[in-house]
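Have a look at the structure below before the remarks.
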């Protein structure tokens, strides 16, 4: 997979948010400790510090996690290898006892869409991956904060997308109601229709890292 143009796209994305009075998060530095648990789209370390291992990819000048899981470093030459693994997970929290609650930030995978809503599977609350998955719904009125009447679900999410969202209601017994109506919320990872990993261009578009083909999404601001 080719990653040419990622740095330029990152600069364009950051410039977009800067022009709209958003503060761009600083890049993780050499002195920043590695997290023990990573979430999809989370920057882990500068690209020149480690070799890419499983569960990671290169995004601009950073190594970024592609999955939710435990971070590990393997001593290799010429540099150590940084990886993220789904299991086993070692954390002080007990994943089986954690449930999504109102105001929780969650990570979810889009499973299906229709004109009224996107159905998702919640697999992570905060930074803690869950043992059990929960179903959630993102309705058209909860996709973004402005021009809600113009929202089209198929232009915001696609099945397979990884979404960062906020729990706004516990809903009924089988669904949580979620919102992506903040700059930091929305799609954090997506693949194109032909299976290419995509990177953000702005809050409404992502592009294939291989071909540059553009698709519409409700994109989360990088953290």
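Please verify whether the stretch 132-140 includes one or more residues that are under 24 Å from residue 66 (Cβ atoms), outside the structural domain of residue 57 (by TED's automatic domain parsing) and part of a loop (DSSP other than H, G, I, E, B).
Here is the first cut: in the stretch 132-140, the ones under 24 Å from residue 66 (Cβ atoms) are 132-136, 138.
So of that shortlist, the ones also outside the structural domain of residue 57 (by TED's automatic domain parsing) come out as 132-136, 138.
Now narrow it down to the ones that are part of a loop (DSSP other than H, G, I, E, B): none.
Checked against the condition, which is being under 24 Å from residue 66 (Cβ atoms), outside the structural domain of residue 57 (by TED's automatic domain parsing) and part of a loop (DSSP other than H, G, I, E, B), the stretch 132-140 yields no hits at all.
In the stretch 133-158, how many are surrounded by fewer than 17 Cβ atoms within 10 Å (Cβ to Cβ) and in contact with a helix residue (DSSP H, G or I) (Cβ under 7 Å, 6 or more places away or on another chain)?
2
In the stretch 41-71, how many residues are in a loop (DSSP other than H, G, I, E, B) and closer than 14 Å to residue 86 by Cα? Talk me through it step by step, then tell me what you get.
First, the residues of the stretch 41-71 that are in a loop (DSSP other than H, G, I, E, B): 41-42, 47-50, 53-55, 60-61, 66-68.
In the following step, the residues that additionally are closer than 14 Å to residue 86 by Cα were identified as 53-55, 66-68.
Number satisfying all stated conditions: 6.
Just to check your reading of the model, which residue among 175, 183, 202 is outside the structural domain of residue 41 (by TED's automatic domain parsing), closer than 13 Å to residue 100 by Cβ, surrounded by fewer than 19 Cβ atoms within 10 Å (Cβ to Cβ) and in contact (Cβ under 8 Å) with a residue 40 or more places away in the chain?
None of the others qualify; the one that does is 175.
Quickly run through the stretch 94-123 and pick out the residues that are within 16 Å of residue 176 (Cα to Cα) and in contact with a helix residue (DSSP H, G or I) (Cβ under 9 Å, 6 or more places away or on another chain).
113, 116, 117, 118
Please count how many residues of the stretch 59-116 are assigned by TED's automatic domain parsing to the domain that holds residue 170, surrounded by 13 or more Cβ atoms within 10 Å (Cβ to Cβ) and at pLDDT 85 or above.
The total comes to 10.
The values are calculated or read from the model by the stated rules, or taken from the named source; none is laboratory data. The structure displayed is predicted, hence computed values, not measured ones. Cβ coordinates were reconstructed from backbone atoms using ideal geometry, including for glycine residues, and neighbour counts include every protein chain displayed.
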